[in-house]
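Before any comments, here is the structure.
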Amino acid sequence: MTISTGARIPLSLPYIDSLEEELVLEVLRSGRLSLGAMVTRFEEELARNVSARHAAAVSSGTAGLHLCTRLAEVGPGDEVITSPFSFVASANCVLYEGATPVFADIDPHTLNLDPAAVAAAVTDKTRAIVAVDIFGYPCEIDALLEICDRHGLAFIEDACEALGAEYKGQPVGSQGHLAVFAFYPNKQITTGEGGIVVTGDEDQWRLLKSLSNQGRADSGGWLEHARFGYNYRLSDLAAAVGAAQLVRLEEILALRASAAARYAELLASVEGVEPPLADDDHHVRSWFVYPVRLPADVDRERIIATLAESGVETSRYLPSIHLQPYMRERFGFREGMFPVSEEASKRLLALPFYSSIDAGDQERVVDTLRRALG
Ligand SMILES: Cc1ncc(COP(=O)(O)O)c(C=O)c1O
């Protein structure tokens, strides 16, 4: 199935084929649109793909992160350390439970939490760490787990952007702690809206299934609620799209990796523009977006405008969370508090990136960028 965008090169596009249509039709014809077999199939396939013991599908990545902070039993007066260089949900999930997000600055190369900054931010109120695999690059799981062990903290991995990434040769999500993947249409795979929480612990999984289903327990009737819960269910229609996408996960990841390699090649001749950090022995990125670092003396707004005039969509990925208006108002955060994150927020620019991106369009993007910089 071809999605037509005309001469415009969008920032992102889902990669949908006939299998998605078939499985959605199968669900429609089954009459079982929620709490059915397709959700189970999606959960089992996802768990298999990331070598996780258990997976609980939810209505969004944000919902998944919220359930994780609920499982960590954080509440008013507690602090949770997270990255300022992320999407707001990784801090909002802390606020939902009335706890306080505490930011630690990031490493300038990986753009993920700097374990030394995390260790320095631990207080006697700290209860958990929400670590993000930003732009699909795995965070320093071992160093962060060591901090958690030392201080008795819960560890939650926001892997919303990282389906298919690997840390020390193992899939992100296989390490046994709580990790969350997300499936908004700009992600590696989509369910329209949706997310999933993986864990190595069966009791945690049962609790996740219950909390996402209004607190119902395995035993007990439809109107019996063992605990206070939420409607964070993923429908079987959405799960059908996800199950079809998973069949092609390897192909999708390979397409994205080769599109990223093509950009790196094209950008090698554009002076001053830095591509995303390359993989190493311990970190294999799953390509989610393609953010480049512009030279410090370049006016990013002018570049964005020039690219937009040529039909090339870009995005300022990502604004630092602590400088969002509601965060400044509530906690008094100001510029200069997390300088590495702020510098990345000022200089990074995400270029159009999706599984089906055309090589000729990538050349057009890079040529336009080169002209804009010149
Ligand atoms: C790092 C990160 N965390 C959390 C989320 C939230 O996922 P969702 O949009 O599915 O709620 C996203 C998705 O945009 C994300 O990129």
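Could you size up the charge dipole of the range 256-367 around its Cα centre, putting +1 on the beta carbon of Lys and Arg and -1 on that of Asp and Glu, and report it in debye to the nearest 20? Intermediate values should be presented prior to the final figure.
Working: 13 positive and 19 negative charges, 101 e Å.
Charge dipole, the range 256-367, about its Cα centre: 480 debye, nearest 20.
Which value, in debye to the nearest 20, describes the size of the charge dipole of the chain about its Cα centre when Lys and Arg Cβ atoms bear +1, Asp and Glu Cβ atoms bear -1, and nothing else is charged? Don't skip to the answer; put the middle values down first.
Details: 33 positive and 53 negative charges, 170 e Å.
Dipole size: approximately 820 debye.
At 222 nm, what value in deg cm²/dmol follows for the chain if DSSP H runs of at least 4 each add -39500 (n - 2.57) and the sum is divided by all its residues, to the nearest 500? Could the numbers behind the result be given before it?
On the way: 13 runs with 145 residues, N = 374.
Taking each H run of at least 4 residues, the total per residue is -12000 deg cm²/dmol.
Of the accessible area of the chain, with the probe set at 1.4 angstrom, what percent is carbon plus sulfur? Please report the intermediate quantities before stating the final value.
Numbers: 8060 of 15890 Å².
Reported share for carbon and sulfur atoms: 51 percent.
Hey, could you pull the Cα Rg and Dmax for the range 1-124, both in Å?
19.8, 56
Based on DSSP loop calls and a cut-off of at most 14 other Cβ atoms within 10 Å, the longest stretch of the chain free of exposed GluC sites (Glu not before Pro) is what?
On the way: sites that count: Glu73, Glu224, Glu271, Glu335.
Longest run free of exposed loop sites: 74-223.
Given a 1.4 angstrom probe, what's the average accessible area per residue across the range 113-153, in square angstrom?
On the way: 1530 Å² over 41 residues.
On a per-residue basis, 37 Å².
Can you bin the range 258-332 into rounded, prolate or oblate? Criterion: square roots of the alpha carbon gyration tensor eigenvalues sorted a ≥ b ≥ c, rounded for a/c under 1.5, prolate for a/b above b/c, oblate for the rest. Intermediate values should be presented prior to the final figure.
Working: a/c = 2.17, a/b = 1.29, b/c = 1.68.
Because a/c hits 1.5 or more and a/b fails to exceed b/c, the range 258-332 counts as oblate.
Is the C-alpha gyration tensor of the range 305-348 telling us rounded, prolate or oblate? Criteria: a/c under 1.5 is rounded; beyond that, a/b larger than b/c is prolate, otherwise oblate. Numbers along the way, then the final one.
Numbers: a/c = 4.17, a/b = 2.24, b/c = 1.86.
Judged from the Cα gyration tensor, the range 305-348 comes out prolate (a/c at least 1.5, a/b above b/c).
Taking the Cα centre of the range 88-211 as origin, work out the dipole magnitude from +1 charges on Lys and Arg Cβ and -1 charges on Asp and Glu Cβ, in debye rounded to 20. Walk me through the numbers on the way to the answer.
Values: 7 positive and 18 negative charges, 60 e Å.
Around 280 debye, computed over the range 88-211.
Rounded if a/c is under 1.5, else prolate if a/b is larger than b/c, else oblate: which is the range 229-374, with a ≥ b ≥ c the root eigenvalues of its Cα gyration tensor? Let's see the in-between values first.
Numbers: a/c = 1.80, a/b = 1.07, b/c = 1.68.
Oblate shape, in that a/c is at least 1.5 and b/c is the bigger or equal ratio.
From the P(r) of the range 109-216, could you give the percentage of C-alpha pairs in the tail past 23 Å? Write down the numbers at each step before the final one.
Values: 1857 of 5778 pairs.
Cα-Cα pairs of the range 109-216 separated by over 23 Å account for 32 percent.
Please compute the Kirkwood hydrodynamic radius of the chain from all pairs of different C-alpha atoms, in Å with one decimal.
One over the average 1/r among Cα pairs gives 21.3 Å for the chain.
The values are calculated or read from the model by the stated rules, or taken from the named source; none is laboratory data. Note that this is a predicted model, so its numbers are computed, not measured. Cβ sites come from the backbone with ideal geometry, for glycine too, and all protein chains shown count toward neighbours. To get the accessible areas, we keep the full protein, side chains included, count just its heavy atoms, and leave off ligands, DNA and RNA. Shrake-Rupley method; radii C 1.70, N 1.55, O 1.52, S 1.80 Å.
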